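Everything below concerns the one structure shown next.
Read-outs throughout are calculated quantities, based only on the coordinates presented, and are distinct from any laboratory measurement. All figures in this text were calculated on a predicted structure; none of them were measured in a lab. Reconstructed Cβ throughout: ideal geometry from the backbone, glycine too, with neighbour counts over all protein chains shown.
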Amino acid sequence: MPHEVHAVTSASVVEAGAPPSPDTQDGKARAALGQTIFFDTNLSQPPGTSCASCHDPTHAFAGNHGSLVGVALGSRPDHFAKRNTPSVLYLRFVRKFHLHWEEDAPLVDAYGGFFWDGRTDSIVDLVKQPLLNPNEMNGGDGRRVAETIASSSYAADFRMEFGSALDDPDAVLNALGEAVNAYLLGPEMAPFSSKYDGYVRGQIQLSALEARGMRLFKDSAKGGCSACHKMNDRSPDPAASLFTDYAFDAVGVPRNRALPATRDPAYFDVGLCERGGADYKAKTEEFCGSFRTPSLRNVAVRRSFMHNGAFTKLRDVVAFYATRSTNPERWYKRGAVFDDVPAKYRANVNVDKAPYNRHQGETPPLDDSDIDAIVAFLTTLTDAQFR
């Protein structure tokens, strides 16, 4: 189905909490406060877990907080996030969640929003959710957060920036979110310093293997990757290559049986159809099993992949896409394909577009050397500070 095309502008980022301009002294002060909050390990219960514990700067602001199961460990033992931690780089380009109907088309396309299910358009609200989630930072409530900030080394800066917000449990959460919002939307959080960025600027040449990988990445008959992970290598502006279309897709990721939640065979994470809100028809079954397409920028330094953290090696991810349809037994060890999607929703899984549009036993669209080339190209998307 054709996708709606949107210009990427600063006005399309978030509705709430837009920070002062980062070029002003006020904007720099708020962003600096937000950075301090982002790294504050006292906001969790028990203390020891900050936003940066899962959004690890050494792994391009994604990570697992020491977990070995594919999703991040919370502040308490045996408590885990529901989904794999996405990077918080390049959030300034995330579009608002919206639905789009093509004329006479039987289905609706969904786009944008933060989190794997697009459930909020506001970084201010995004920040509150892991902070207060008992399985993540377990930060308590606004009153407890206010008490923690009031006793912190940055309390005076917080009061200077947000006045009496510390006296109001609701206002303090919004103020905290506004500060972190300013930090995450700052220019340093969208560095565009990768080898690929140097290439489109005409400053660097790709190696032969990397260039071959890029050709395969764009080839609709081979990888077909760029159909969803949008790029424009003809534009000298790196922002034209965000490596996502912000749309949602059901790709049938294998069940991650290392997750404690999957010990219950009735447990499934059905993604987008769980999203609620006044502007959305909750429990829309056609979206069950769909998750937002992540950007591939800095993908090579992530510790786990896919919404459920099912893979720990980037090469396995590319191989999965290439052979899911032709060699399903390689990925679905217990027989049933699409085993992390409830049986009644397995018809939602994408089997029409390349590289999924082949049949079991056919030749995969990518061979081992092709997969290696695409992985080599993906490593060119790593920003300089994370190499």
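When the dipole is taken about the Cα centre of the chain, and only Lys, Arg (+1) and Asp, Glu (-1) are charged at their Cβ, what size is it in debye, to the nearest 20? It would help to have the intermediate numbers written out before the result.
Numbers: 42 positive and 48 negative charges, 222 e Å.
That gives the chain a dipole magnitude of about 1060 debye.
A simple rule links phi to the HN-Hα coupling: the Karplus curve 6.51 cos²θ - 1.76 cosθ + 1.60 with θ = phi - 60°, which for segment 357-362 gives 8, 10, 10, 4, x, 6 Hz, with x for Gly and Pro. Once the Cβ-Cβ distance between ALA208 and SER235 is put in as r, and R0 is 30 Å, what FRET efficiency do you end up with, to the nearest 0.05? Efficiency at R0 = 30 Å is approximately 0.85.
Approximating the spin labels as points 7 Å out from Cα along Cα→Cβ, the ASP167-to-ASN357 distance works out to 6.4 nm.
If packing is taken as the average count of other Cβ atoms within 10 Å, what order do 87-94, 75-82 fall into, highest mean first?
On the way: 87-94: 20.8, 75-82: 16.4.
Most protected by this proxy first, the peptides run 87-94, 75-82.
The charge dipole of segment 34-109, taken about the Cα centre with unit charges on the Cβ atoms of Lys, Arg (+1) and Asp, Glu (-1), comes to about 340 debye, rounded to the nearest 20. If I take R0 = 56 Å and measure r between the Cβ atoms of THR41 and ARG201 in this structure, what FRET efficiency does the formula 1/(1 + (r/R0)^6) give, to the nearest 0.05? Step by step, r from the Cβ atoms, then E = 0.90.
Rounded to the nearest 0.05, what FRET efficiency do ASP264 and ARG215 give with R0 = 35 Å and r taken as the Cβ-Cβ distance? Could you check? List each step's numbers first, then the result.
Values: r = 44 Å, r/R0 = 1.26.
With a Förster radius of 35 Å, E is 0.20.
Relative contact order of the chain: 19 percent, from C-alpha pairs under 8 Å at least 6 residues apart in sequence.
Taking 4.7 Å between beta carbons as the limit, the unpaired Cys residues of the chain are CYS51, CYS54, CYS225, CYS228.
As a rough footprinting exposure proxy, the listed residues VAL253, VAL337, VAL124 were ranked by other beta carbons within 10 Å of their own, and the order from fewest upward is VAL337, VAL124, VAL253.
Projecting the Cα atoms of ALA175, ASN327, PHE386 onto the charge dipole of the chain (Cβ charges, centred on the Cα centre) puts ASN327 farthest toward the positive pole. Across the options THR58, PHE93, THR120, the greatest Cα extent toward the positive end of the charge dipole of segment 10-189 (unit charges at beta carbon of Lys, Arg, Asp, Glu) belongs to THR58.
Give me the lysines in straight-line cross-link reach of LYS222: C-alpha distance below 28 Å, same-chain residues under 8 apart excluded. Within the straight-line limit of under 28 Å, LYS222 reaches these lysines: LYS195, LYS230, LYS313, LYS333, LYS353.
Using only helices, what value at 222 nm comes out for the chain when you add -39,500 (n - 2.57) per DSSP H run of length 4 or more and divide by the total residues, to the nearest 500 deg cm²/dmol?
Working: 10 runs with 100 residues, N = 387.
Result for the chain, helices only: -7500 deg cm²/dmol.
In segment 72-198, a dipole from Cβ-located charges (positive for Lys and Arg, negative for Asp and Glu) runs towards its positive end, and of LEU166, GLY186, PRO134 it is PRO134 whose Cα lies farthest in that direction. Among the helices of the chain, those built from whole DSSP H runs whose Cα atoms reach 18 Å or more along their own axis and whose mean Kyte-Doolittle hydropathy is at least 0.0 are 169-184.
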